[in-house]
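For reference, the structure discussed in these notes is given below.
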């Protein structure tokens with residue numbers, strides 16, 4: 001029986017690429033989404049991957065959603081915590097709502113999802129948790145105090161939980177993408193991309209979602225069993241850590 005992978009925010013952008021790469025690698029994949037029904041239906045129609053709608057900020061909804069997936073596909077072996085949002089503003093203009101929405105989705109969402117599958121992974125002595133952080137969680141970014149704080153928190157979560165999972169054959173790792181050619185990034189004006197963003201990237205281009213997906217497939221595999229607590233940067237040389 002093939003292993004089951006669950007990808008949050010798995011119907012668009014980097015998440016969609018990860019869902020498809022895991023599916024193509026032979027995993028049974030379920031992808032979650034929070035809002036765009038039309039895009040989710042289109043993703044399912046093209047890929048055949050099951051899609052499930054809930055908000056990762058809602059602990060009870062996460063539990064109910066995961067229970068349904070496990071009834072349909074089997075226990076979750078691989079969890080990819082990819083769901084994330086931005087609510088950018090300079091800090092002196094940032095509202096409490098903008099702060100809490102980003103922290104709740106991008107950081108608390110990791111707790112809400114991982115906590116639901118952790119005991120099962122311990123019981124079966126196998127698990128893979130892959131957290132999608134960001135270059136801005138490593139270096140910070142003006143106008144993203146909320147996002148940078150959450151993504152930095154994802155890295156602390158990864159390192160701490162990896163120590164708890166190691167004895168039970170559960171690995172916990174993070175991927176920190178740089179600027180990736182997703183719908184969100186490509187919506188930036190071309191002049192800004194070409195004159196301000198791409199010149200910061202030594203390889204001279206945006207990353208592709210599929211490049212992040214290939215890292216996730218490797219971390220999910222048995223070949224990556226000795227890698228845990230790690231942060232893998234994929235930013236075209238923009239930041240070395």
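Residues of the range 114-142 with amide nitrogen under 15 Å from the 7 Å Cα-to-Cβ point of residue 203?
Within reach of a label on residue 203, which here means backbone N under 15 Å from a point 7 Å along Cα→Cβ, the range 114-142 contributes 135.
In terms of the Cα gyration tensor, with a ≥ b ≥ c the square roots of its eigenvalues, is the range 200-241 rounded because a/c is under 1.5, prolate because a/b exceeds b/c, or oblate?
oblate
Specify the angular offset, from 0 to 90 degrees and rounded to the nearest 10, of the alpha carbon long axis of helix 109-124 from the longest principal axis of the alpha carbons in the chain.
For helix 109-124, the angle is close to 30 degrees.
Could you give the distance between the Cα centres of the range 122-161 and the range 182-219, to the whole Å?
Here the two parts' Cα centres lie 19 Å apart.
Taking 0.36 nm per residue of separation and subtracting the Cα-Cα distance, what length does fully extending residue 166 through residue 221 add?
18.3 nm
Based on the Cβ-Cβ distance of residue 45 and residue 92, what FRET efficiency does E = 1/(1 + (r/R0)^6) give at R0 = 41 Å, to the nearest 0.05?
Numbers: r = 45 Å, r/R0 = 1.10.
Computed FRET efficiency for residue 45 and residue 92: 0.35.
Please compute the Cα-Cα pair-distance distribution of the range 44-161 with 10 Å bins starting at 0, giving whole percents from short to long.
All Cα pairs considered, the percentages come to 13, 40, 31, 14, 2.
Between 0 and 90 degrees, rounded to the nearest ten: what's the tilt of helix 13-24 against the longest Cα principal axis of the chain?
The angle comes out at about 30 degrees.
At a Förster radius of 51 Å, what calculated FRET efficiency corresponds to the Cβ-Cβ distance of residue 191 and residue 64, to the nearest 0.05? Mind showing how you got there, number by number?
Values: r = 46 Å, r/R0 = 0.90.
Result of the calculation: an efficiency of 0.65.
Among DSSP bridges having both ends in the chain, what percentage is antiparallel? Round to the nearest 5.
About 0 percent, rounded to the nearest 5.
Suppose a student asked you for the relative contact order of the chain, using Cα pairs under 8 Å spaced at least 6 residues apart; what percent would you report?
Relative contact order here is 20 percent.
Assuming 0.36 nm per residue, please report the length gained on full extension of the stretch residue 72 to residue 53 beyond their Cα-Cα distance.
Going from the current span to full extension adds 5.3 nm.
Among (1) 38; (2) 48; (3) 43, which is the computed percent of Cα pairs over 25 Å apart?
Label (1) holds the value from this structure.
For an R0 of 22 angstrom, estimate the FRET efficiency from the Cβ-Cβ distance between residue 141 and residue 111 and round to the nearest 0.05.
Working: r = 23 Å, r/R0 = 1.06.
Using R0 = 22 Å, I get an efficiency of 0.40.
How big is D, in µm² s⁻¹, for the range 137-235 by Stokes-Einstein at 20 °C and 1.002 mPa s if Rh is the Kirkwood radius over C-alpha pairs?
142 µm²/s
Every read-out reported here was derived from the displayed coordinates using simple, explicitly stated rules and does not represent laboratory data. As the structure is a computational prediction, the values presented were derived from the model and not from experiment. Reconstructed Cβ throughout: ideal geometry from the backbone, glycine too, with neighbour counts over all protein chains shown.
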